[in-house]
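Single-structure report; data block below.
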Amino acid sequence: MSKKKMLFFAIGVLIVLVIGICFFGERAMRTSYEDKVNHALSTSKVVQDIVTEEDIADLPAPVQKYLHYVGVVGKPKAHNLHMKIEGEMKRGLDKPWMKVVVDQHNFYDEFTRLFYIKGKMFGIPLTGIDSYIEGKGRMLIKLASVIKVADETGEQMNQAELVTLLNDISLLSPSALVDKRITWKTVDEQSVECSIEDKGMKVSAILYFNAEGALINFVTEDRYYTTPNGEFIKTKWSTPVKDYKTVNGVTFPTYGEGVWHLESGEFIYAKFHMKNVEYNVVK
């Protein structure tokens with residue numbers, strides 16, 4: 001075999017090897033995610049408890065108006081959520097946009113959040129699992145589904161994931177706002193302070209509504225921005241949403257952004273289009 005043929009053969013073998021590593025690595029990440037989802041589904045108790053006027057009577061007026069706006073009164077309360085998302089994300093101020101697809105499961109009896117993301121970095125597949133389980137938060141991201149790009153845990157991540165779960169509940173599962181672990185304080189006619197407690201932690205956010213009653217923004221000071229050198233800095237974070245639609249009787253915002261409010265200005269790092277939504281999924 002000539003040197004040229006040997007080189008082409010070696011390159012071919014390397015390409016096949018890389019493809020194989022990516023395939024099996026992604027499969028392992030997906031399996032890990034699905035195992036977590038299946039465990040949560042196996043312990044989730046879905047009951048058909050209807051949200052009533054009496055249930056929401058003690059909530060601030062803007063929240064009551066919002067729950068009527070999205071049409072949850074008179075319908076079963078959400079005990080879990082399954083959602084598909086498409087969009088774009090940036091991993092840093094000077095980084096390019098990356099197209100992503102997301103599969104997400106939330107559980108609200110025992111607070112749990114499972115967020116599986118797929119994209120590409122430099123043409124190489126990237127996968128990640130963002131999770132909140134039993135009070136522990138973790139963000140694991142792998143390039144080629146093998147090389148760790150990020151693996152963040154600790155108190156800051158626990159708090160960040162809990163406030164992100166509160167964000168999900170507020171925007172995507174509003175009937176689950178009827179919960180003794182969630183407390184309220186009226187700010188004015190179109191905004192309220194909302195707090196959630198779990199596993200000894202408490203985080204808060206301000207919810208902003210428009211005149212029609214739709215929730216249009218969620219703003220918190222209880223998340224941490226990760227600097228390029230890996231430092232966690234408590235930073236204002238918001239998720240403006242719009243384009244509410246009603247699909248199969250469920251009204252939800254179909255577009256949202258993730259925004260860090262840095263000293264240098266606003267950094268929009270996520271643009272999400274919410275797609276299919278299911279509530280009270282059973283195994």
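The values are calculated or read from the model by the stated rules, or taken from the named source; none is laboratory data. Small disclaimer: the values here were computed from a predicted structure and weren't measured. Cβ sites come from the backbone with ideal geometry, for glycine too, and all protein chains shown count toward neighbours. Just so you know, the surface numbers come from the protein's heavy atoms only, side chains and all, with ligands and any DNA or RNA stripped out. Shrake-Rupley method; radii C 1.70, N 1.55, O 1.52, S 1.80 Å.
Which one is farthest from the chain's Cα centre (by Cα) among residues in segment 215-234 that are among the hydroxyl-bearing types (Ser, Thr, Tyr) and more than 11 Å from Ala160 (Cα to Cα)? Applying the filter and picking the extreme gives Thr227.
Mind checking whether some residue in segment 114-122 is within 26 Å of Ile182 (Cβ to Cβ), open to solvent by 10 Å² or more (accessible area, probe 1.4 Å) and assigned to a strand (DSSP E or B)?
Yes, segment 114-122 contains a residue that is within 26 Å of Ile182 (Cβ to Cβ), open to solvent by 10 Å² or more (accessible area, probe 1.4 Å) and assigned to a strand (DSSP E or B).
In summary, Gly71 fulfils each of the numbered conditions (1) open to solvent by 20 Å² or more (accessible area, probe 1.4 Å); (2) not in a loop (DSSP other than H, G, I, E, B) with the single exception of condition (2).
This table checks each residue for (1) open to solvent by 40 Å² or more (accessible area, probe 1.4 Å); (2) modelled with pLDDT of 80 or more; (3) more than 22 Å from Gly119 (Cβ to Cβ).
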site	(1), (2), (3)
Lys4	yes, no, yes
Ile15	yes, no, no
Tyr33	no, yes, no
Ala78	no, yes, yes
His82	no, yes, no
Gly87	no, yes, no
Pro96	yes, yes, no
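Scanning segment 225-283 for residues that are assigned to a strand (DSSP E or B) and among the polar types (S, T, N, Q) turns up Thr226, Thr235, Ser238, Thr246, Thr251, Thr254, Asn276. When Met201 is tested against the conditions (1) farther than 29 Å from Thr52 by Cβ; (2) free of Cβ contacts under 8 Å to residues at least 60 places away in the same chain, the lone failure is (2).
Working carefully through the options Glu134, Glu152, Glu161, Glu193, find the one that is closer than 26 Å to Tyr255 by Cβ and surrounded by fewer than 19 Cβ atoms within 10 Å (Cβ to Cβ).
Values: Glu134 fails: closer than 26 Å to Tyr255 by Cβ; Glu152 fails: closer than 26 Å to Tyr255 by Cβ; Glu161 fails: surrounded by fewer than 19 Cβ atoms within 10 Å (Cβ to Cβ).
So the residue among Glu134, Glu152, Glu161, Glu193 that is closer than 26 Å to Tyr255 by Cβ and surrounded by fewer than 19 Cβ atoms within 10 Å (Cβ to Cβ) is Glu193.
Of the residues Val101, Val63, which is aliphatic (A, V, I, L, M) and surrounded by 14 or more Cβ atoms within 10 Å (Cβ to Cβ)? Write out each step before concluding.
Working: Val101 fails: surrounded by 14 or more Cβ atoms within 10 Å (Cβ to Cβ).
Going through Val101, Val63 in turn, the sole match is Val63.
Please list, ordered by first then second residue, the pairs with beta carbon atoms under 9 Å, 6 or more apart or interchain, first in segment 27-46 and more than 14 Å from Asp103 (Cβ to Cβ) and charged (D, E, K, R), second open to solvent by 40 Å² or more (accessible area, probe 1.4 Å) and in a loop (DSSP other than H, G, I, E, B). Matching pairs, first to second residue: Lys45/Asp109. Taken residue by residue, segment 244-258 has at least one member that is hydrophobic (A, V, I, L, M, F, W, C), at pLDDT below 95 and open to solvent by 30 Å² or more (accessible area, probe 1.4 Å). The number of residues in segment 205-243 that are of a type in the set (Gly, Ala, Ser), surrounded by 14 or more Cβ atoms within 10 Å (Cβ to Cβ) and either free of Cβ contacts under 8 Å to residues at least 40 places away in the same chain or farther than 30 Å from Gly71 by Cβ (or both) comes to 1.
Suppose the filter is at pLDDT below 95, in contact with a strand residue (DSSP E or B) (Cβ under 9 Å, 6 or more places away or on another chain) and not in a strand (DSSP E or B); does Leu126 pass it? Explain how you work it out, then say what you get.
Numbers: at pLDDT below 95: yes; in contact with a strand residue (DSSP E or B) (Cβ under 9 Å, 6 or more places away or on another chain): yes; not in a strand (DSSP E or B): no.
Here the answer is no, as Leu126 does not meet what is asked.
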